[in-house]
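All remarks here apply to the structure that follows.
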Amino acid sequence: MLTPAVENLVAQLTRLPGVGTRTAQRLAFHLLSVPTDESLALGDAIREVKERVRACSECGHLTEDELCTICADSRRDRSVICVVEHPVDVVSLERTHEHRGLYHVLGGALSPLDGVDPGDLRVAGLFERVARGGIVEVVLATNPTMTGEATAAYLADRLRDQVAVTRLASG
Ligand code: ZN
């Protein structure tokens with residue numbers, strides 16, 4: 001009923017989380033109806049983030065440089081690292097202005113059933129940062145889910161004899 005190009009756009013949009021066929025069709029028709037440069041701005045924005053954005057070499061947060069703005073900020077307290085699952089968690093914690101230290105973004109949570117082992121996450125990098133010294137406290141702010149709790153327990157177990165480990169209740 002639609003042209004192959006429109007069908008393809010709908011199919012791509014349907015792959016986004018929370019977007020069903022009806023919504024995808026509505027978005028596709030919207031993109032067709034607005035001026036070309038407005039539609040292409042979306043495409044360009046997607047291409048740009050995929051080309052420019054990468055993980056901070058120190059903490060794993062999103063950056064377009066070697067280090068993210070938090071790691072590069074000399075005013076941050078370098079003795080405290082807050083461990084989170086995803087970059088979005090950094091964003092919500094930053095909104096509270098309560099954490100003045102650095103972060104470590106794991107890239108997920110341990111989930112043996114789904115085949116997610118420590119090697120699949122940025123765990124070794126965290127141990128390295130702690131081993132390098134200068135860290136006095138690690139705040140575990142993984143999500144209050146089964147996998148988040150398991151990850152916090154695993155990390156607490158391995159870090160407890162080197163630094164103070166605290167669990168941040170979130171949710
Ligand atoms: Zn960073």
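With the simple spin-label model, which puts each label point 7 Å out from Cα in the Cβ direction, the residue 48 to residue 145 separation comes to 3.1 nm.
Assuming charge only on the beta carbon of Lys and Arg (+1) and of Asp and Glu (-1), the dipole of the chain about its Cα centre is about 200 debye to the nearest 20.
Measuring nothing but how far apart in sequence close Cα pairs (under 8 Å, 6+ apart) lie, relative to its length, the stretch 75-171 scores a relative contact order of 30 percent.
Here the Kirkwood formula puts the hydrodynamic radius of the chain at 18.4 Å, using every distinct Cα pair. Summing charges over neighbours of residue 140, with a neighbour being any other residue whose Cβ is under 13 Å away from its Cβ, gives -2 when K and R count +1 and D and E count -1.
Between residue 74 and residue 157, the modelled labels are 4.2 nm apart [label points 7 Å from Cα along Cα→Cβ].
DSSP finds beta bridges in the stretch 55-144, and of those with both partners inside it, around 20 percent are antiparallel. Taking all Cα pairs closer than 8 Å and separated by 6 or more residues, the relative contact order of the chain comes to 16 percent. The stretch 104-121 and the stretch 14-84 have their alpha-carbon centroids 22 Å apart. Available extension along the chain between residue 57 and residue 166 is 36.8 nm, counting 0.36 nm per residue and deducting the alpha carbon span. Residue 16 contributes about 90 Å² of solvent-accessible surface, heavy atoms of the protein only, 1.4 Å probe.
The values are calculated or read from the model by the stated rules, or taken from the named source; none is laboratory data. Computed from a predicted structure; not experimentally measured. Methodologically, a virtual Cβ is constructed for each residue, glycine included, from the backbone with ideal geometry; neighbour enumeration extends over all protein chains shown. Each accessible area value is taken on the protein alone, full model and side chains, heavy atoms only, with ligands, DNA and RNA left out. Shrake-Rupley method; radii C 1.70, N 1.55, O 1.52, S 1.80 Å.
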